[in-house]
Amino acid sequence: MANEIYAEIILDLYKNPANRGIIEDPDVLAEGGNPSCGDHAIFMLKINNGVIEDAKFSGNGCAISVASDSILTELIKGKKVSDAKKISPQDLFSEMGNIIQTRIKCATLGLIVLKKGLEAYEKSAKKKAIIRNITI
Ligand code: FES
């Protein structure tokens, strides 16, 4: 796919991101950011029997980080926590195209925050995890 098309997809997701919002009483809340630019992401997940039933995000970020957060929430919905943890930067890049190769930190901010949240959830005896101030 041509880079122009990926650029359009990213810009469109930035303006109209899927799954931007809040989940009340989430099973996972993970918040973190990049101190060098001030951008940050917050993920909220509802999990039932180890399956991610709903995923939303909020926070402020550049177009690539917001688009990436939006794509991530789409990718993990319906997945087992153990499978969602396996999503790699390459999986994300294949959704976003090569234009992000110079903006790897922007594209992976959300992935790093989300994975920390999923890891905390798996370790939690109560299957509830709130983790904040993750820095990349
Ligand atoms: Fe901060 Fe992109 S400029 S995440």
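Is there any pair linking a residue in the range 71-84 that is within 16 Å of Glu119 (Cα to Cα) to one that is surrounded by fewer than 20 Cβ atoms within 10 Å (Cβ to Cβ) and of a type in the set (Asp, Glu), with Cβ under 8 Å and at least six apart or on different chains, and which? Note: pairs meeting the criteria are Val81/Glu122; Ser82/Glu122. Looking at Ile5, is it within 15 Å of the chain's Cα centre (by Cα) and more than 15 Å from Leu109 (Cβ to Cβ)? It is false that Ile5 is within 15 Å of the chain's Cα centre (by Cα) and more than 15 Å from Leu109 (Cβ to Cβ). Annotation note: Cβ proximity below 6 Å between a residue of the range 105-126 that is among the polar types (S, T, N, Q) and a residue that is part of a helix (DSSP H, G or I) (sequence gap 6+ or interchain) occurs for Thr108/Pro89.
For beta carbons closer than 8 Å, sequence separation of 6+ or different chains, a first residue in the range 31-46 that is more than 14 Å from Leu118 (Cβ to Cβ) and a second that is of a type in the set (Lys, Arg), the qualifying pairs are Asn34/Lys105. Applying the criterion of being over 17 Å from Leu75 (Cα atoms) and within 16 Å of the chain's Cα centre (by Cα) to the residues of the range 31-52, the residue that is nearest to the ligand (Cβ to nearest atom) is Asp39.
Going by the structure shown, is Glu4 free of Cβ contacts under 8 Å to residues at least 40 places away in the same chain and part of a helix (DSSP H, G or I)? Reasoning before the result, please.
Numbers: free of Cβ contacts under 8 Å to residues at least 40 places away in the same chain: yes; part of a helix (DSSP H, G or I): yes.
Taking the combined requirement at face value, the residue satisfies it.
Criterion applied to Ile23, Ile10 was being surrounded by 17 or more Cβ atoms within 10 Å (Cβ to Cβ), part of a loop (DSSP other than H, G, I, E, B) and under 16 Å from the mean Cα position of the chain (by Cα), and the one residue passing it is Ile23. Checked against (1) surrounded by 21 or more Cβ atoms within 10 Å (Cβ to Cβ); (2) of a type outside the set (Ser, Thr, Tyr); (3) modelled with pLDDT of 95 or more, Gly50 passes all but a single condition, namely (1).
Would you be able to say whether some residue in the range 69-83 is closer than 24 Å to Ala120 by Cβ, more than 16 Å from the ligand (Cβ to nearest atom) and in a strand (DSSP E or B)? Yes, the range 69-83 has at least one match. Taken over the range 109-131, the residue count meeting the criterion of being within 15 Å of Ser65 (Cα to Cα) and either in a loop (DSSP other than H, G, I, E, B) or aromatic (Phe, Trp, Tyr) (or both) is 0. Scanning the range 84-108 for residues that are assigned to a helix (DSSP H, G or I) and over 23 Å from Val51 (Cα atoms) yields Phe93, Ser94, Met96, Asn98, Ile99, Ile100, Ile104, Lys105, Cys106, Ala107.
The values are calculated or read from the model by the stated rules, or taken from the named source; none is laboratory data. Being a predicted model, the structure only gives us computed values, none of them experimental. Neighbour counts are summed over all protein chains in view; Cβ atoms, including those assigned to glycine, are modelled from backbone coordinates with ideal geometry.
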